[in-house]
Amino acid sequence: MSPPLRTPVVGSRPATVWIALVTVYLVWGSTYLAIRVVVKTAPPLLAMGVRFVLAGALLATFLGLRYGWSVLRVGRRQVASAGLVGALLLLCGNGGVAIAEQTVPSGLAALLVAAVPLWLVCLRSAAGDRPRSLSLLGTALGFVGIAVLARPGGHGSEVKTWGLIVLVVATISWATGSFISSRLPLPSNAFVATAYEMTIGGALMLPVGALRGELDGFHVSDVSGEAWAWMAYLVVFGSLAAFTAYIWLLQNAPISLTATYAYVNPVVAVALGALVLSEPITLPIVLGGLVVVVGVGLVVSTERPRRAVPGPAGHPTATGEPGPAVVDLRS
């Protein structure tokens with residue numbers, strides 16, 4: 001197996017750090033808006049499957065051309081592990097978000113997805129770990145916010161209860177994939193692992209989407225030009241550019257600063273949804289969202305690892321301890 005690639009560590013100029021951080025803030029915050037536009041005219045799982053297969057192929061091609069094709073050579077167990085993580089993160093996680101956004105506004109979806117670190121604390125507790133008291137307080141507080149956001153009938157008739165349930169299940173699936181990834185024999189380099197996860201996870205979405213009947217009566221001509229534009233944005237910026245900026249930040253910026261995206265992204269998503277799609281910002285969204293963001297902020301700041309390294313999916317994982325990785329559903 002080829003040795004792991006090393007992301008070059010360079011001098012962290014404040015301007016460069018903030019450019020990378022703002023990229024992660026805005027791009028990952030805007031992907032909820034992009035998904036919402038895409039699924040208005042395109043089948044959700046088929047569209048996201050194409051997105052991630054393309055993104056994974058582009059990333060693998062870049063790695064092969066830049067470092068030699070041998071870097072993509074991994075063992076069968078590593079491929080199987082990447083497939084399992086890809087299924088949980090992308091098929092069940094991102095795919096669930098895309099399905100739910102057929103009825104749930106993008107800002108509300110982002111606020112519910114922001115709860116991933118809370119579910120990670122629950123999984124750690126179930127595995128016998130003992131989270132800190134402030135983490136438990138933040139988790140309890142965050143779940144109060146989730147209850148407000150996911151309350152049936154709390155957002156008008158246009159927001160279907162099934163969509164909110166799918167979002168919560170997708171969030172749990174993403175947390176589960178993130179949790180087990182540190183316990184599986186994945187490729188040692190974050191970019192190689194991500195290329196396999198994207199490609200396999202995206203490929204799994206296509207037959208599942210077909211089994212859901214997404215091909216019935218569908219014609220490519222039904223997809224709007226706006227949806228095609230946002231699909232390209234998701235592939236190039238959501239899945240590649242922002243992810244690269246994020247990995248760079250892990251190597252060049254304090255983890256305390258990098259981790260702030262976990263509670264900035266939902267705010268960006270709500271603002272963009274209101275500005276671009278005229279999504280209403282209701283009192284339950286304001287109150288429930290504020291409580292979730294505060295709870296997540298408390299968990300992330302309390303459980304922040306002393307030294308972060310890129311984990312299997314490119315997210316920070318603690319060396320020697322399974323702290324609640326700060327993860328994102330669009331990477």
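Would you confirm, using the coordinates I've provided, whether residue 96 is within 21 Å of the chain's Cα centre (by Cα) and among the small types (Gly, Ala, Ser)? Can you show your working first?
Numbers: within 21 Å of the chain's Cα centre (by Cα): yes; among the small types (Gly, Ala, Ser): yes.
When the stated conditions are applied, residue 96 passes them.
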>> Is it the case, given these coordinates, that residue 312 is modelled with pLDDT under 80, within 23 Å of residue 170 (Cα to Cα) and out of contact with any Cys (no Cβ under 6 Å at 6 or more places or on another chain)?
In response: yes
> Out of (1) more than 30 Å from residue 286 (Cα to Cα); (2) touching a residue at least 60 places away in the same chain (Cβ under 8 Å); (3) part of a loop (DSSP other than H, G, I, E, B), the odd one out for residue 130 is which?
Replying inline: (2)
> Among (1) over 18 Å from the mean Cα position of the chain (by Cα); (2) surrounded by fewer than 22 Cβ atoms within 10 Å (Cβ to Cβ); (3) not in a loop (DSSP other than H, G, I, E, B); (4) not aliphatic (A, V, I, L, M), where does residue 214 come up short?
Replying inline: (3)
> Looking at (1) of a type in the set (Ser, Thr, Tyr); (2) buried (at least 23 other Cβ atoms within 10 Å of the Cβ); (3) out of contact with any Gly (no Cβ under 7 Å at 6 or more places or on another chain), which is the one condition that is false for residue 194?
Replying inline: (3)
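Taking the condition farther than 24 Å from residue 74 by Cα and in contact (Cβ under 8 Å) with a residue 40 or more places away in the chain, does residue 208 pass?
On the way: farther than 24 Å from residue 74 by Cα: yes; in contact (Cβ under 8 Å) with a residue 40 or more places away in the chain: yes.
Against the criterion (farther than 24 Å from residue 74 by Cα and in contact (Cβ under 8 Å) with a residue 40 or more places away in the chain), residue 208 qualifies.
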> What do you reckon, is residue 268 of a type in the set (A, V, I, L, M), surrounded by 19 or more Cβ atoms within 10 Å (Cβ to Cβ), assigned to a helix (DSSP H, G or I) and modelled with pLDDT under 90?
Replying inline: no
> In segment 8-67, what count of residues is obtained for those that are surrounded by 23 or more Cβ atoms within 10 Å (Cβ to Cβ) and of a type in the set (Phe, Trp, Tyr)?
Replying inline: 3
>> With the structure loaded, tell me whether residue 115 is surrounded by 23 or more Cβ atoms within 10 Å (Cβ to Cβ), at pLDDT below 90 and within 18 Å of residue 92 (Cβ to Cβ) or whether it fails that test.
In response: yes
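Residues are listed down the side, and each one gets a yes or a no for (1) more than 19 Å from residue 113 (Cα to Cα); (2) in contact with a Cys (Cβ under 7 Å, 6 or more places away or on another chain); (3) assigned to a loop (DSSP other than H, G, I, E, B):
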residue: 197; (1), (2), (3): yes, no, no
residue: 201; (1), (2), (3): no, no, no
residue: 207; (1), (2), (3): yes, no, no
residue: 210; (1), (2), (3): yes, no, no
residue: 218; (1), (2), (3): yes, no, yes
residue: 237; (1), (2), (3): yes, no, no
residue: 243; (1), (2), (3): no, no, no
residue: 256; (1), (2), (3): yes, no, no
residue: 275; (1), (2), (3): yes, no, no
> In segment 145-186, which residues are surrounded by 18 or more Cβ atoms within 10 Å (Cβ to Cβ), farther than 23 Å from residue 124 by Cα and not β-branched (Val, Ile, Thr)?
Replying inline: 149, 150, 154, 155, 163, 164
> When you look at residue 188, is it of a type outside the set (D, E, K, R) and over 20 Å from residue 89 (Cα atoms), yes or no?
Replying inline: no
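Which residue, of 104, 121, is part of a loop (DSSP other than H, G, I, E, B), out of contact with any strand residue (DSSP E or B) (no Cβ under 8 Å at 6 or more places or on another chain) and closer than 25 Å to residue 177 by Cβ? It would help to see each step written out before you state the result.
Working: 121 fails: part of a loop (DSSP other than H, G, I, E, B).
Within the list 104, 121, the selection yields 104.
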> If you check residue 235 against the conditions, is it surrounded by 14 or more Cβ atoms within 10 Å (Cβ to Cβ), on the phi < 0 side of the Ramachandran plot, under 19 Å from the mean Cα position of the chain (by Cα) and modelled with pLDDT of 90 or more?
Replying inline: yes
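Evaluate the following for residue 228: is it without any contact (Cβ under 8 Å) to a residue 60 or more places away in the chain and under 23 Å from residue 55 (Cα atoms)? Give the derivation first.
On the way: without any contact (Cβ under 8 Å) to a residue 60 or more places away in the chain: yes; under 23 Å from residue 55 (Cα atoms): yes.
Here the answer is yes, as residue 228 does meet what is asked.
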> If you go through segment 68-95, how many residues are surrounded by fewer than 17 Cβ atoms within 10 Å (Cβ to Cβ) and not in a helix (DSSP H, G or I)?
Replying inline: 3
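The values are calculated or read from the model by the stated rules, or taken from the named source; none is laboratory data. Keep in mind the model is a prediction, meaning the values are calculated, not measured. Quick reminder, even Gly has a Cβ in these numbers, built from the backbone with ideal geometry, and neighbours come from all protein chains shown.
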